[in-house]
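The values are calculated or read from the model by the stated rules, or taken from the named source; none is laboratory data. From a predicted model like this one, the values you see are computed outputs, not experimental measurements. A quick note on method: Cβ atoms are made from the backbone with ideal geometry, for glycine too, and the neighbour counts reach across all protein chains shown. When the accessible area is computed, the model is the full protein with side chains, heavy atoms only, and any ligands, DNA or RNA have been set aside. Shrake-Rupley method; radii C 1.70, N 1.55, O 1.52, S 1.80 Å.
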Amino acid sequence: MPERARGADVLPAVRPARWHRLGGRLAGDLVLPADPAYDAARRLQQMEFDRIAPLAVAYCASTEDVRTCVGFAREHGIPLRIRSGGHSHNGWSTGEALVVDLSRMNAVSVGRDTVALGPGTQSVDALAALRAYGRQIITGTFPTVAAGGFLTGGGLGWQTRRFGVGSDRVAAARVVLADGRVVRCSADEEPDLYWALRGGGGGTFGIVVGFEVRPVDAPVLVRYDTVWDLDRGAELVAAWQQWCVEGPDELGSSLVVLPSFRPGDTPTIRIWGVHLGSRGDVERGLASLAHRAGTRPRTSTVGDPEPYPDAMHRSLCGDATVAECHRTGTGPEAKGHRHPMTLRTYRLTDRAMTGDEAAAAVAAWDPGLDQERYLLFIALGGQANRVPRTETAYVHRNARFLAGYQYAIRAPQPGPDRIAEARAWNDRAAAALAPTACGSYVNFPSTRPEPHWRTAFFGENHPRLLDVKRRYDPENVFRHPQSVGA
Ligand SMILES: Cc1cc2nc3c(=O)[nH]c(=O)nc-3n(C[C@H](O)[C@H](O)[C@H](O)COP(=O)(O)OP(=O)(O)OC[C@H]3O[C@@H](n4cnc5c(N)ncnc54)[C@H](O)[C@@H]3O)c2cc1C
């Protein structure tokens, strides 16, 4: 759950005239609570944060706008939150604060060795913008996640095994600091800040106003999608994990245990992803998975090799156009869904589960429960694990899977019993993941904060992160409930 901004009860009142003066100084737009656009402006991807009322939302159009907002927040002693794509699972990009929104700073341009990205660039737009250049960048598996949070927290997806985590490919970033300075950081300039911004988590060290990213060389991808019965679920989960651990770096794969969505249906397991090889590689791979699991998929589709942006677009957006794939309410054609209130437990795990561990994981999902809930895994490892743990702030170089449980509550105002039930389910889930857990990914925080979340997110890199934080933001201007120094 998001916390109220620190000191929110005693926020200094800012006179309306001051807010209007701020609006007048911005090239972008300032949205205040009385404005008709306010309800849309305060929304994140997760509906549960609609109840949070920012003091104002500043849609910044330039680095100068961002500097102006930082100066305003400091001058008036009000909290500030940073937002790019609005996908923070725990609502860290909003609060009773001035929300500095970077969604309009989303330009993409191609240089000789790098691609320049605004922090508000969403995955779906990066794919489209880079199509003509035959170059691509690493994205996650959801279309509207933006570079601002994705890259500062790490950046995991189906290309992780072949090309590393997204932040491993950040060559430089431009950052607005708490004191209003704008710095470029790279291996040679502000190297400690550069180190911290690659995995130390967003909303903490400064506001990134531009990234330079080394593109990946991946001309084609093969998409595959399979659906299996749950009756040999534990065997399948264990076999899939071993298959991924032993598989080539070219394999990108996710597994989700799905509830039945219609009366009479039974729960299923979906295994899907993309492969950087041939159709034959995928077909042989899936046959070997079925053999290991001792079962066969209910349905299985393997595509022909497609240009990278097409394959990723189809995987992320289905048949929707680029405009349609955006989050509902953000554009005239946008149809992308938002997420209901969801209680989550996520861990990184460092090996394939044994059969018993997989059975416990499926049992914690609770096949008999009549409730919308998910058990998800995404395969990691490969290139991401060939980088030393302290090379960047992203420490999880032994992680093999991102593993998590999600319990969705669609009732608009769930009662305390419902929340308690969801929490208990999540606690059982956490226990099932504990034997293989090796840490937690700051971009997938659990709803209930872990007691040792600093170590779980950052391991032995936490002391250095604290040091960078003290040097670049000694007054803790950039903060949220689980930021470094919080
Ligand atoms: C449906 C869904 C699917 C996801 N899929 C994936 C996935 O496949 N792979 C993966 O790795 N992650 C995934 N994530 C997690 C995602 O990477 C993180 O939530 C990420 O932080 C979102 O970035 P954002 O800019 O969209 O969100 P925001 O909510 O805008 O920001 C997230 C955090 O980053 C900070 N931040 C944002 N912009 C900046 C900036 N410019 N400078 C400094 N700090 C900034 C915010 O203050 C906040 O703390 C998913 C999340 C959701 C909700």
Given the condition over 20 Å from residue 367 (Cα atoms), touching a Gly at 6+ places or on another chain (Cβ under 6 Å), crowded, with 21+ Cβ neighbours inside 10 Å and of a type in the set (A, V, I, L, M), answer yes or no: does some residue in region 451-461 qualify?
yes
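Kindly provide the set of residues from region 313-344 that are outside any loop (DSSP other than H, G, I, E, B) and among the basic types (Lys, Arg), ordered by number.
Let us first name the residues in region 313-344 that are outside any loop (DSSP other than H, G, I, E, B), namely 313-317, 322-325, 327, 336, 339, 341-344.
Answer for region 313-344, where residues must be outside any loop (DSSP other than H, G, I, E, B) and among the basic types (Lys, Arg): 314, 327, 344.
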Meets criteria (more than 16 Å from the ligand (Cβ to nearest atom) and touching a Ser or Thr at 6+ places or on another chain (Cβ under 6 Å)) for residue 430:
yes
Can you pull out every residue in region 99-114 that is buried (at least 24 other Cβ atoms within 10 Å of the Cβ) and among the aliphatic types (A, V, I, L, M)?
99, 100, 102, 105
Among the strands (runs of 3 or more DSSP E) contained in region 15-91, which hold 2 or more residues that are away from the ligand (no atom under 16 Å from the Cβ)?
29-31
Say whether the condition of being open to solvent by less than 40 Å² (accessible area, probe 1.4 Å), of a type in the set (A, V, I, L, M), near the ligand (Cβ under 8 Å from one of its atoms) and within 18 Å of the chain's Cα centre (by Cα) is met by at least one residue in region 148-158.
yes
Just one of 82, 52 is within 18 Å of residue 96 (Cβ to Cβ) and in contact (Cβ under 8 Å) with a residue 60 or more places away in the chain; which is it?
82
Confirm whether residue 67 is modelled with pLDDT of 95 or more, open to solvent by 70 Å² or more (accessible area, probe 1.4 Å) and farther than 18 Å from residue 329 by Cα.
yes
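Here is a yes/no grid of residues against (1) within 19 Å of the chain's Cα centre (by Cα); (2) open to solvent by less than 10 Å² (accessible area, probe 1.4 Å):
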position	(1), (2)
187	no, no
207	yes, yes
210	yes, no
219	no, no
229	no, no
232	no, no
238	no, no
263	no, no
266	no, no
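Considering only region 326-355, state which residues are more than 13 Å from the ligand (Cβ to nearest atom) and buried (at least 22 other Cβ atoms within 10 Å of the Cβ).
343, 345, 347, 349, 353
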Long-range neighbours under 7 Å by Cβ, at least six apart or interchain, first residue under 25 Å from residue 271 (Cβ atoms) within region 211-232, second hydrophobic (A, V, I, L, M, F, W, C) and in a loop (DSSP other than H, G, I, E, B)
216/137; 216/138; 218/276; 221/276
In region 397-414, is there at least one residue being surrounded by 14 or more Cβ atoms within 10 Å (Cβ to Cβ), within 24 Å of residue 169 (Cα to Cα) and among the charged types (D, E, K, R)?
yes
